[in-house]
Amino acid sequence: MKVRWHREVALAIGLACLPAAAGAAELGERRVTLGGFGTLGAIYHDAEDREYRRSTAQGEGAKASEVDFETDSLIGLQINASWNQQFETVLQAVSRSDEYGSWRPRLTRGFLRWYPDPSLMLRAGRIGHELLPRADSRDIGYSYLPIRPSVEVFGVLPRDEIDGADISYTHEIGEGIGRIKMFGGETGGTVVFADGSHGSLSGSKLWGGSIEYLYESWTVRLSTGVFLRGQEPPVDPLIAALRQAGTPESQELADEFAEKDRRTSFLVFGAAYDEAPWQLRLFLVQAEGDHSPTPKLRNGTLLAGYNLGRATPYASFSAIDSYAEIRGTGLPDTPQFAALNAAARQAQTASQPQQHSFAVGLRYDIAPKVDLKVQIDQVRLRGSNLLLDRHSPPDDYDDMTVFGLALDFIF
C-alpha cells in the first residue's frame with residue numbers, strides 16, 4: 001500500500017491545528033472579518049486501473065491500493081467586509097487539486113452584495129449559482145454531513161460559480177417565507193474526461209432562476225435555466241471523417257457534432273429538512289442538450305442523518321443515468337471502419353455517465369468548528385466519466401468500494 005503525500009496536505013494540517021482564537025480576525029470596528037475553512041481527507045480503494053475523484057474538474061484521483069490525501073483535501077480563506085447595512089463585499093479563495101493536479105489558489109467568490117431594502121438583494125461579481133437548498137457551500141466540508149457532496153449530482157460540472165449577477169426578492173407567504181431569484185453570467189472551467197483528455201468550458205453562459213419556500217424546518221427550491229457551452233469539443237477531425245464516409249447516418253451525425261449552438265436546459269428540485277435529531281436532503285436534476293454530444297441526464301441524491309449528540313450517523317443513495325440515444329454511423333463493423341465507429345461512439349458517450357452509489361458514514365464533532373468523518377461508498381458504474389478509468393467501457397456494471405476519512409475545520 002502506497003501513501004501519496006504532498007506539502008499542500010501538510011499545510012492543511014498546520015492550519016487545522018491553529019487555535020480557535022486565531023481563526024478569525026475582525027478589523028475596523030467589526031466591519032471586516034477574516035475566516036477560513038479546510039478539509040484533510042484520505043481515500044482508499046482497490047479497483048485496479050481506476051482513479052476515484054469527487055469532480056470532473058480533477059485531473060488526478062485516488063489510485064488503487066494507495067492512500068490518497070489529495071482528492072478530498074482543500075484549504076480556503078474568506079474575507080467579508082460590511083461597509084454599512086446595505087453594502088457588503090465577499091472574497092473567497094480555495095486551493096485544491098485541479099484539472100492539472102496543481103494546488104494553485106483560485107478565486108471562487110468575489111462579489112458586491114447590496115440590500116436596497118430588507119426584502120431585496122442584488123449581487124454582482126463572481127457568485128455561486130446556488131441551484132439547490134442548503135448546498136450552496138460545497139467546498140466547506142464542515143457545513144454538511146458526508147465527506148463529500150454527492151459525486152453523481154455535484155461532480156458533473158467543474159465550477160459552481162458564475163461571473164455575473166443575480167437578484168432575489170423575499171416575502172412572507174402565509175406562515176412561511178417565499179423567495180424568487182434570477183441569475184445570469186459566464187462560467188468556465190475544464191472538464192477532464194474518463195480517459196484523461198480535457199474539454200474547455202471557457203466562455204460558457206449560464207442563466208436561469210429559482211423559486212423557494214421556507215416553512216418551519218423545511219426548505220424547498222425549484223430551479224430552471226440554460227447552459228450554453230462556449231468552447232466546442234475537439235471533434236473536427238471526426239466531423240471530417242464522418243462526412244467523408246458518406247452514409248446518411250454519418251452525415252447526420254457530423255451535422256450534429258458541427259452544430260455551434262450547444263444548449264443544455266436543466267430543471268432542478270431540492271428539498272431540505274432540519275429539525276433535531278433528523279437531517280434530510282433530496283435533490284433531483286434533469287439536464288437535456290439539444291445536439292450531440294451534449295448530455296441528456298437524470299441524477300439525484302437522497303441523504304438522511306440522525307443526530308446522537310456529538311455523533312451523527314448518515315446514509316445516502318445517489319445516481320446519475322443518461323437517457324441519450326447513442327447513434328451509429330451506418331458503417332459496417334469491420335476492421336476498416338472500427339476506429340471511426342469507436343470514435344463516434346466515444347464522442348457521444350464521453351459526457352453520458354452511468355453511476356450509482358450507496359454511502360454510509362459517521363460524523364463526530366470533536367470540538368467546536370472541528371469534525372471527523374468516516375465513510376464507505378459502494379459504487380456501481382458503467383462507462384462513467386465521473387472517474388478516471390483506464391478500462392475499456394464495460395458492457396455491464398462494475399463495482400468498487402471506496403473508504404474515506406476526513407477532518408473538517410473552520411476558523
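The values are calculated or read from the model by the stated rules, or taken from the named source; none is laboratory data. Keep in mind that what you see is a predicted model, and the values were worked out from it rather than measured. Cβ placement follows ideal geometry from the backbone for every residue including glycine, while neighbour counts extend to all protein chains displayed. All accessible areas refer to the heavy atoms of the entire protein, side chains included, with ligands and DNA or RNA removed. Shrake-Rupley method; radii C 1.70, N 1.55, O 1.52, S 1.80 Å.
Residues in the chain average 47 Å² of solvent-accessible surface per residue, probe 1.4 Å, ligands and nucleic acids excluded. Relative to the longest principal axis of the Cα atoms of the chain, the long axis of helix 7-16 makes an angle of roughly 30 degrees. With a cut-off of 9 Å between beta carbons, the residues surrounding Thr108 carry a summed charge of +1, where Lys and Arg count +1 and Asp and Glu -1. If R₀ is 30 angstrom, what is the calculated FRET efficiency for the pair Tyr273 and Ile167, using the beta carbon separation as r and rounding to 0.05? The pair Tyr273/Ile167 has a calculated efficiency of 0.65.
Residues in the range 39-74, backbone N under 20 Å from the label point at Ala367 (7 Å along the Cα-to-beta-carbon vector): list them, ranges by number please. Label zone hits: 39-41, 74. What a 1.4 Å probe finds exposed on the range 222-374 is 60% carbon and sulfur by accessible area, rounded to a whole percent. Under the criterion of Cα pairs below 8 Å and six or more residues apart, the relative contact order for the range 174-222 equals 41 percent.
Here the dipole of the range 121-277 is about 280 debye; that uses its Cα centre as origin and unit charges on the Cβ of Lys and Arg (positive) and Asp and Glu (negative).
Working note: Cα gyration tensor of the range 285-366, eigenvalues times five, square-rooted, sorted largest first, giving semi-axes of 42, 14, 8 Å. Note on the chain: lysine pairs with Cα distance below 20 Å, sequence gap of 8 or more or different chains, count 5. Along the axis of the charge dipole computed for the chain (Cβ charges of +1 for Lys and Arg, -1 for Asp and Glu, origin at the Cα centre), the listed residues Ala258, Phe111, Ala272 are led at the positive end by Phe111. Remark: relative contact order (the chain) = 15 percent; criterion is Cα-Cα distance under 8 angstrom and separation of 6 or more residues. In a reduced charge model with +1 at each Lys and Arg Cβ and -1 at each Asp and Glu Cβ, the range 249-361 shows a dipole moment near 500 debye about its Cα centre. Using Cα Rg over 2.2 N^0.38 Å as the read-out, say which of (i) 1.12; (ii) 0.93; (iii) 1.03 was calculated from these coordinates. Checking each listed value against the structure points to (iii). Take every Cα pair under 8 Å whose residues are at least 6 apart in sequence, average their separation, divide by the length of the range 159-316, and the relative contact order is 14 percent. Once the C-beta distance of Arg31 and Ser65 is scaled by a Förster radius of 51 Å, the resulting FRET efficiency is 0.50 to the nearest 0.05. Considering only Gln355, His45, Asn84, the residue lying farthest towards the positive end of the dipole of the chain is Asn84, judged by Cα position with unit charges set on Cβ. HN-Hα J couplings of the range 197-214 from phi, Karplus 6.51/-1.76/1.60, θ = phi - 60°, integer Hz, Gly and Pro as x? My calculation for the range 197-214 gives 6, 10, x, 7, 10, 4, x, 6, 10, 9, 8, x, x, 8, 10, 9, 9, 10 Hz in order. Dipole magnitude for the chain: computed about the Cα centre from +1 point charges on Lys and Arg Cβ and -1 point charges on Asp and Glu Cβ, it is near 860 debye. Listed values for the range 222-228 are Karplus-derived 3J(HN,Hα) couplings in whole Hz (6.51 cos²θ - 1.76 cosθ + 1.60, θ = phi - 60°), namely 10, 10, 8, x, 9, 10, 10, and x replaces Gly and Pro.
Atom-type composition of the exposed protein surface of the range 140-212 places 62 percent of the accessible area on carbon and sulfur (1.4 angstrom probe).
Note on Ala240/Arg263: beta-carbon distance plugged into 1/(1 + (r/R0)^6) with R0 of 35 Å gives a FRET efficiency of 0.90. Ranked by the mean number of other Cβ atoms within 10 Å per residue, highest first, peptides 362-370, 56-64 order as 56-64, 362-370. Of the chymotrypsin sites (Phe, Trp or Tyr not before Pro) found in the range 287-356, those in coil by DSSP whose Cβ has at most 13 other Cβ atoms within 10 Å are Tyr323. Computed from Cα positions, the angle between helix 338-349 and the longest principal axis of the chain comes to roughly 30 degrees.
When the alpha carbon coordinates of the range 73-209 are projected onto the principal axes, the ranges are 51, 32, 32 Å, largest first.
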